[in-house]
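First up is the structure itself, then whatever we jot down about it.
The values are calculated or read from the model by the stated rules, or taken from the named source; none is laboratory data. Everything numeric here is computed off the predicted structure, so don't read it as measured data. Ideal geometry is used to build each Cβ from the backbone, glycine not excepted, and the neighbour counts take in all protein chains shown.
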């Protein structure tokens, strides 16, 4: 690959990564690069680029003639379509299409493409909203710059999908996304993206923005736009929580440049979600339901933003039940730092809030889970390996229940789950789903070793928790069933209606 516009010292691992990347890269994506090189202000220039690509032309005409634009006469000319939509919007549409094609050419799985889009769309909106405050004249440029800031991500994903799918989610809690990439590849996605763009002869300015989008800007003419990109770059690259260091940076930069418009960092992040949803809804053809501009990964974007808002613990009351309950709780005080689920204090505080609002009680299912075999893993492979097992089961628990359900690590290798407003059949289904989602799933505990998750699970249901049965009684019942399962020497689930016998023993499926 050619020399970057700004010299970067590369070790042998980084050089090898760039060499492999050069061998794997798809054919130079002409339309994408042409759009990157243009300003988006010249309608004639944008029209020429779009007309050279049949797929892009078809998409632009689809957008301009969609039901959302309510045109009486169909537009068949790209020139008229660009004038109608505006060259900047057409450029953004083309960039989105080009990035999608690039991700597909790297032969990523649908899940990885979705993960890439989650990050790109969220960062584009965050950069746009930040620029509205910092440098309003550059807000359109900020959206486009935010959209392509992570162009290096699908490139590295294509080199080693297993690293991103299985190892990245279980990186140490104090290791950032970029640090993990540098440890594995020798470079992070920002450097990879800048090198590839440089190799494709994209402008030095665009290369510099991609490479430095995780760095605070210097005092130059481009500082406003770069600061907006920096703010967008603080958002996570996956559905996990924002890194602690990035959270501190976000709070600091919010206080400095955003607080007069957005009262809290949460208000800014909430607006990012709202605007992303509005933009995606606007871009769907009301007749066919087809996404016309960007892939509508709305659920994943919503989940990402909810993680961030919950972490800052200032959630609006109009959101879901759990977010309402969390509105007066501080994330740090009520969350287990290792697994990012509630600690004992947070679990009981939130549960008590939930029941205190229901004068007549609530139907509820309480589950107690105890990991099997954690001590041997700690003894043989070290506590870091044991920590990865705990983080792995917590991640699976979050996947197996809804956002309104309460998950807590009560201590050591014991976890509790509380589900309210549910009937007995629904409770059985939920407990079985949790068992099947989590049991015998593999967690990588060292670079060369994966371990199966095994646990004993007790689940108890009652139709009136509060006035009739207290929460601690329900927990004690679930705890007893869990130990009953553990004493049997077999992993699996025991379910019972509180006060009605010893419960139904349901064996676990055999390990895969």
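Observations on the model:
- Of residues in the stretch 71-84 being surrounded by fewer than 17 Cβ atoms within 10 Å (Cβ to Cβ) and over 17 Å from residue 38 (Cα atoms), the one modelled with the lowest pLDDT: 71
- Residue count for the stretch 146-162, restricted to those that are in contact with a helix residue (DSSP H, G or I) (Cβ under 8 Å, 6 or more places away or on another chain), free of Cβ contacts under 8 Å to residues at least 60 places away in the same chain and assigned to a helix (DSSP H, G or I): 5.
- Sole exception among (1) buried (at least 24 other Cβ atoms within 10 Å of the Cβ); (2) under 20 Å from the mean Cα position of the chain (by Cα); (3) over 30 Å from residue 216 (Cα atoms) for residue 122, by number: (3)
- Matching option when the condition is buried (at least 16 other Cβ atoms within 10 Å of the Cβ), under 24 Å from residue 489 (Cβ atoms) and not assigned by TED's automatic domain parsing to the domain that holds residue 172, among 350, 390, 418, 362: 390
- Single residue of 94, 68 found to be assigned to a helix (DSSP H, G or I) and modelled with pLDDT of 75 or more: 94
- In summary, residue 136 fulfils each of the numbered conditions (1) surrounded by fewer than 21 Cβ atoms within 10 Å (Cβ to Cβ); (2) within 27 Å of residue 257 (Cα to Cα); (3) under 16 Å from the mean Cα position of the chain (by Cα); (4) without any contact (Cβ under 8 Å) to a residue 40 or more places away in the chain with the single exception of condition (3).
- Check on residue 87, farther than 18 Å from residue 151 by Cβ, at pLDDT 80 or above and within 31 Å of the chain's Cα centre (by Cα): yes
- Those residues of the stretch 442-467 which are modelled with pLDDT under 90 and assigned to a loop (DSSP other than H, G, I, E, B), in sequence order: 447, 448, 466, 467
- Criterion (touching a strand residue (DSSP E or B) at 6+ places or on another chain (Cβ under 7 Å) and either over 30 Å from residue 445 (Cα atoms) or at pLDDT below 80 (or both)) met by exactly one of 225, 229, 197, 170: 170
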